[in-house]
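To start, the structure under review is shown below, and the notes come after it.
The values are calculated or read from the model by the stated rules, or taken from the named source; none is laboratory data. Everything quoted here is computed from the prediction, not taken from an experiment. FYI the Cβ positions are ideal-geometry reconstructions off the backbone, even for glycines, and counts take in every protein chain you see. Calculation scope for accessible area: heavy atoms of the full protein, side chains included, ligands and nucleic acids excluded. Shrake-Rupley method; radii C 1.70, N 1.55, O 1.52, S 1.80 Å.
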Amino acid sequence: MTYTFVWRVVLDHLGYILGGLTLTALVTVAALLIGLLIGLVLGMASLSRRPYLLYPTRAYIEVFRNTPVLVQLIWVYYCLPLLVGVDLDAITSCTLALGLNEGAYMAEIFRAGIQSVQRGEVEAARSLGFSHLQTMRYVLLPPATRRMIPPFVNQLVTLIKGSSLVSVLGVADLLYRARVLTTTLFRPIELLTAVAVIYLVICWAISACARRLEVRLAVRD
């Protein structure tokens, strides 16, 4: 079996494909912000010794980390409106589902980052009369933030790639547009390869910037 690659179809329709970057970026950024907010709250709650905070938090984290993201997207899109009585469009439901999923992973990142700070530093701050907020701001968060950069970037890259799942529900992102073209041009290999390269460039650029930031922070230390 022989196959002749026709990369010209990618160049001819590149503008249409790249038009999906707007929705990809919108969904990713919105889901990231939701995930950061949820993750910060749950990360702090997971450090609590109060059962009414700890157990629901752990349950949330386990549910969203141990079920497929695609199932979560479909569930939020089809089932959540039945429970709350509010219809959600595909973009909103996908963004919400990705944000809820992201929150579970971010919670673990925040928890691990805070726990990585030596307890002696916290006790020293309290002995100097620091309040809880001052201890968090000046003692816990600076070193914890530096240690959270690698897992945070890794999770961001995972979110960017995972955002391609929204195409299943008809959100016109990069992958959706490439799939639309394949139905008329019958060139799935070339078109999907082009989409893969676009994702590769975006994720590689983010990872490279994060590495440079880590180096600068390490030099300052």
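Structure notes:
- Filter result for the condition that a residue is closer than 20 Å to THR24 by Cα and not acidic (Asp, Glu), over VAL63, VAL41, VAL86, VAL71: VAL71
- Condition check for PHE186: among the aromatic types (Phe, Trp, Tyr) and either open to solvent by less than 20 Å² (accessible area, probe 1.4 Å) or in contact with a helix residue (DSSP H, G or I) (Cβ under 9 Å, 6 or more places away or on another chain) (or both): no
- Wholly enclosed helices (runs of 4 or more DSSP H) of the stretch 62-143 bearing at least 1 residues in contact with a Cys (Cβ under 8 Å, 6 or more places away or on another chain): 69-78
- Complete set of residues in the stretch 76-118 that are open to solvent by 60 Å² or more (accessible area, probe 1.4 Å) and in contact with a Pro (Cβ under 6 Å, 6 or more places away or on another chain): ASP87
- Cβ-Cβ distances below 8 Å connect no pair with a first residue in the stretch 167-183 that is more than 15 Å from LEU21 (Cβ to Cβ) and assigned to a helix (DSSP H, G or I), a second residue that is of a type in the set (S, T, N, Q) and open to solvent by 40 Å² or more (accessible area, probe 1.4 Å), and a separation of six or more residues or different chains.
- Each residue in the stretch 113-153 was checked for being closer than 26 Å to PRO56 by Cβ, within 17 Å of the chain's Cα centre (by Cα) and hydrophobic (A, V, I, L, M, F, W, C), and 2 pass.
- The stretch 118-165 - residue that is charged (D, E, K, R) and closer than 30 Å to THR24 by Cβ and, of those, modelled with the highest pLDDT: LYS161
- Test: residue in the stretch 187-196 that is within 20 Å of PRO68 (Cβ to Cβ) and at pLDDT 95 or above: no
- For the stretch 132-154, filtered to residues that are touching a residue at least 60 places away in the same chain (Cβ under 8 Å) and either in contact with a Lys or Arg (Cβ under 7 Å, 6 or more places away or on another chain) or closer than 30 Å to GLY20 by Cβ (or both), the residue that is most open to solvent (accessible area, probe 1.4 Å) is PRO150.
- Selection count where residues are over 28 Å from ILE91 (Cβ atoms), among the aliphatic types (A, V, I, L, M) and open to solvent by 40 Å² or more (accessible area, probe 1.4 Å), scope the stretch 29-58: 4
- Residue match in the stretch 64-85 (condition: charged (D, E, K, R) and over 16 Å from the mean Cα position of the chain (by Cα)): no
- Inspection of the stretch 36-51 identifies at least one residue that is within 20 Å of ILE202 (Cβ to Cβ) and in a helix (DSSP H, G or I).
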